[in-house]
Amino acid sequence: MVISTSELYENNRRYLERMEMYRQLGYDIDRERSFVIEKARPISGKILEAGTGKGHFTLALARAGYRFTSCDISAHEQRYARLNLAYYGLEDHVNFEVASLESLPYGNGSYDVIFAVNLLHHLASVMPAAAEMMRVLSSAGKIILADFNDRGLAVIDKLHARDGRIHEVSGATIGAAETIFQRSGFSVNVHRGMYQDVLVVTRQEACSLQTGPERGIN
């Protein structure tokens, strides 16, 4: 991807401006992303982030030192994430791919850790995405599914209203995801945050991931 200096700095200016708008509404993006990473640890092996978006979580995960693959249905949205990573010198931490969470182009059991952060509420149904994550998850792997709770959604609604937009929310919920994973024989730990909830999903028969250097590999 060819990046001009002016585009790089302009994107970062908009990014920081957006971060400040969130903070004015009481939502600290850095703190919320750190909450997700903290609840996901230990993190090792091959890592997949499903749903890059504009790359807020992508940047947080790369800043924490991990190397991983990030996929999204929109290459346009991923460009913002690429620019953010390039600004902070972290572009070599992430392999970007265009793909849908509901039809992942990866083999069975190919990832040890799968993140899907603030993506669920955009989906019409939990089942297709949950089925794909379970399929590509390794036998001893885990899925970290995080999304806004009611308080978080209220903040996002206010932010979109400032832009003159409406934040669209689908019928998919964290509660529905928890039920699906449990019925599929997975163990689910739920962590309630101030603005978002986090599910840490593992196979019931699997042992926890081995401890060691926490660095994702591709």
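Descriptive notes on the structure:
- Residue list for the range 110-134, restricted to those being in a loop (DSSP other than H, G, I, E, B) and exposed (fewer than 15 other Cβ atoms within 10 Å of the Cβ): A124, S125
- Filter result for E91 (touching a Pro at 6+ places or on another chain (Cβ under 7 Å) and acidic (D, E)): no
- Filter result for Y88 (of a type in the set (F, W, Y), touching a helix residue (DSSP H, G or I) at 6+ places or on another chain (Cβ under 9 Å), farther than 21 Å from I37 by Cβ and at pLDDT 95 or above): no
- Odd one out for I156 among (1) β-branched (V, I, T); (2) at pLDDT 95 or above; (3) in contact with a Phe, Trp or Tyr (Cβ under 7 Å, 6 or more places away or on another chain): (2)
- Comparison of G164, G175, G171 shows that the only residue that is over 21 Å from V36 (Cα atoms) and free of Cβ contacts under 8 Å to residues at least 40 places away in the same chain is G164.
- Criterion (over 14 Å from the mean Cα position of the chain (by Cα), under 22 Å from K39 (Cα atoms) and open to solvent by less than 20 Å² (accessible area, probe 1.4 Å)) met by exactly one of L137, L104, L159: L137
The values are calculated or read from the model by the stated rules, or taken from the named source; none is laboratory data. What you see is a predicted model; the values in this text were computed from it and never measured. Here Cβ is always computed from backbone atoms with ideal geometry, including for glycine, and neighbour counts include all displayed protein chains. Surface accessibility is based on the protein's heavy atoms, side chains included, excluding ligands, DNA and RNA. Shrake-Rupley method; radii C 1.70, N 1.55, O 1.52, S 1.80 Å.
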